[in-house]
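The values are calculated or read from the model by the stated rules, or taken from the named source; none is laboratory data. Remember, it's a predicted structure, so these values are computed and weren't measured experimentally. Neighbour counts run over all protein chains shown; Cβ positions are idealised from the backbone, glycine included. Side chains are part of the model used for accessible areas, which takes the heavy atoms of the whole protein and leaves out ligands, DNA and RNA. Shrake-Rupley method; radii C 1.70, N 1.55, O 1.52, S 1.80 Å.
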Amino acid sequence: MPRVLVTGGAGFIGAHTCEALVAAGAEVIAVDPLRTYSFSFDAHHWHGIRYRRDVLLKDTTTVVASTENRDEIRRVVLDTKPDHVLHLGALPLATVARVSADHAFESILRGTFNLVELALELGSVRKFLYVSSSMVYGDFTKVPMPETERTAPKDPYGGMKLAGEVLVQTFSRAEGLPYAIVRPSAVYGPTDMNDRIVQRFVECALWGRPLTLKDPDGTMLDFSYVKDVAQGLVKALLSPVENEVFNLTAGEGRTLRELYDLLRERFPDMPVTIAEKDDDFRPKRGTLDVTKARELLGYEPEYPLERGIPEYVDYLASLPSEGPVVSARA
């Protein structure tokens with residue numbers, strides 16, 4: 001039974017990945033500072049936190065600590081002595097990185113540096129998995145976009161994620177730390193509460209909130225269901241393949257209009273306003289090439305939008321809209 005340390009383990013992708021690791025036979029320690037980047041008084045927000053705790057993490061040991069605090073994370077690493085490290089614990093939102101670059105630096109780069117050094121100090125880590133982002137590519141130059149294409153991030157988040165990749169690869173070459181790097185894209189699904197784009201669309205559909213579509217036909221993303229990403233992370237971590245970079249997405253770019261039209265099939269009265277695209281920092285993206293993950297890891301995404309969106313809607317619709325909720329520290 002491999003012992004796996006998952007930073008950011010109580011977060012959105014982290015909690016689903018912990019559940020998948022337990023199902024794969026791993027002993028899992030989730031490390032998380034329990035920090036939130038969005039706050040809502042809606043009951044479903046807090047029921048989502050409870051769902052992570054009581055369902056996704058029920059067979060996982062959870063430790064409250066931050067990778068930014070070297071003393072805290074050092075105690076955790078040396079006490080638990082993991083065989084594998086899965087590093088998800090970093091600022092999850094590009095929008096926050098733009099307005100708080102100092103926090104992004106501490107969370108993404110300081111945290112990664114601390115964890116890599118501690119993995120080397122421990123001396124027994126079989127693989128270090130760094131979760132990066134498709135934002136490292138900047139504007140896509142090919143369709144689909146392969147891992148071998150150039151990286152040219154357009155914003156601080158993508159730049160720092162790419163710097164984290166370089167840091168991990170440099171330590172590996174210098175010190176012999178086996179690693180893998182994965183680049184997800186537009187992840188969505190149950191318990192997401194950071195106001196990402198699919199969450200916003202689904203909540204507007206469910207509760208009749210106003211929705212503005214900016215450049216619906218020109219904006220394309222490789223929307224990836226969290227269960228697919230979690231299974232891919234498990235494969236990347238536990239496989240014998242080392243020192244490789246993988247795209248880990250649905251492998252299918254879809255426009256915002258396609259997402260909207262899919263929701264309208266179930267919610268025909270969904271309100272919407274169409275607007276022109278503004279000049280923002282987001283790169284022009286689309287389909288990512290997942291051939292490498294398929295061939296080397298046996299990764300096979302199972303959730304196109306047509307399957308992922310209904311499951312996500314059903315999850316949100318099943319949550320109580322009122323009643324007792326957990327506290328902010330749960």
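So how strong a dipole does the chain carry about its Cα centre when Lys and Arg Cβ are +1 and Asp and Glu Cβ are -1, to the nearest 20 debye? Walk me through the numbers on the way to the answer.
On the way: 38 positive and 47 negative charges, 83 e Å.
It comes to approximately 400 debye.
Between PRO216, PRO320, PRO92, where does the largest GNM mean-square fluctuation fall for the chain, given springs only between Cα atoms within less than 10 Å?
For the chain, modelled as a Gaussian network with Cα springs under 10 Å, the answer is PRO320.
Excluding residues fewer than 8 places away in the same chain, name every one of the lysines whose C-alpha is closer than 17 Å to that of LYS161.
The qualifying lysines are none; the list is empty.
In terms of Cα to Cα distance under 14 Å, which aspartates and glutamates are near enough to LYS142, apart from those fewer than 8 places away along the same chain?
ASP222, GLU252, ASP289
Convex hull volume of the Cα atoms in region 138-224, per residue, in Å³? Walk me through the numbers before you get to the answer.
Working: hull volume 12.4 nm³, N = 87.
Spread over its residues, the Cα hull of region 138-224 gives 142 Å³ apiece.
Taking every pair of Cα atoms in region 222-324, average 1/r, invert it to obtain the Kirkwood radius, and report Rg/Rh to two decimals. Working shown, then result.
Details: Rg = 17.1 Å, Rh = 16.2 Å.
For region 222-324, the value is 1.06.
Let me know the whole percent of all Cα-Cα pairs from region 157-277 that are separated by more than 23 Å. Mind dumping the intermediate values first?
Details: 3208 of 7260 pairs.
That fraction is 44 percent.
Share of region 14-105's accessible area from carbon and sulfur, percent, 1.4 Å? Display every interim value, and only then the final one.
Working: 2100 of 4170 Å².
In region 14-105, the share of accessible area belonging to carbon and sulfur is 50 percent.
What does the charge add up to near ARG70, with Lys and Arg as +1, Asp and Glu as -1, over the other residues with Cβ less than 15 Å from its Cβ?
Values: positive: ARG74, ARG75, ARG110; negative: GLU68, ASP71, GLU72, ASP79, GLU106, GLU117, GLU121.
With Lys, Arg at +1 and Asp, Glu at -1, the neighbours total -4.
What value, in deg cm²/dmol to 500, does the helix sum -39500 (n - 2.57) over DSSP H runs of n ≥ 4 give at 222 nm once divided by the residues of the chain?
Values: 12 runs with 130 residues, N = 330.
Taking each H run of at least 4 residues, the total per residue is -12000 deg cm²/dmol.
In Å², what does the accessible area per residue of the chain work out to with a 1.4 Å probe? The partial results should precede the final answer.
Details: 14200 Å² over 330 residues.
On a per-residue basis, the chain sits at 43 Å².
Could you give the Stokes-Einstein D for region 143-186 in µm² per second, using the C-alpha Kirkwood radius, 4 °C, 1.567 mPa s?
Numbers: Rh = 11.9 Å.
So the translational diffusion coefficient is about 109 µm²/s.
Looking at ALA180, ILE309, ALA275, which one has the Cα that reaches farthest to the positive end of the dipole of the chain (charges on Cβ: Lys, Arg +1; Asp, Glu -1)?
Highest projection toward the positive end goes to ALA180.
Please get the size of the charge dipole for region 197-281, origin at its Cα centre, with Cβ charges of +1 on Lys and Arg and -1 on Asp and Glu, quoted in debye to the nearest 20. Could you put the intermediate results ahead of the total?
Values: 10 positive and 16 negative charges, 78 e Å.
For region 197-281, the charge dipole is close to 380 debye.
Going down the table (LYS227/LYS292; LYS58/LYS154; LYS235/LYS277), which pairs top 28 Å between alpha carbons?
LYS58/LYS154; LYS235/LYS277
Which semi-axes, in whole Å and largest first, does the equivalent ellipsoid of the chain have when worked out from the alpha carbon gyration tensor as the square roots of 5 times its eigenvalues?
On the way: eigenvalues 186, 110, 67 Å².
Computed over the chain, the values are 30, 23, 18 Å.
Give me the percent relative contact order of the chain, please, defined on Cα pairs under 8 angstrom at least 6 residues apart. Provide the component values of the computation, followed by the final result.
On the way: 649 pairs, mean separation 67.2, N = 330.
About 20 percent, as a whole number.
How big is the Rg/Rh ratio for region 65-129, C-alpha atoms only, Rh by Kirkwood, two decimals? It would help to have the intermediate numbers written out before the result.
Values: Rg = 12.4 Å, Rh = 12.2 Å.
Radius of gyration relative to Kirkwood radius: 1.02.
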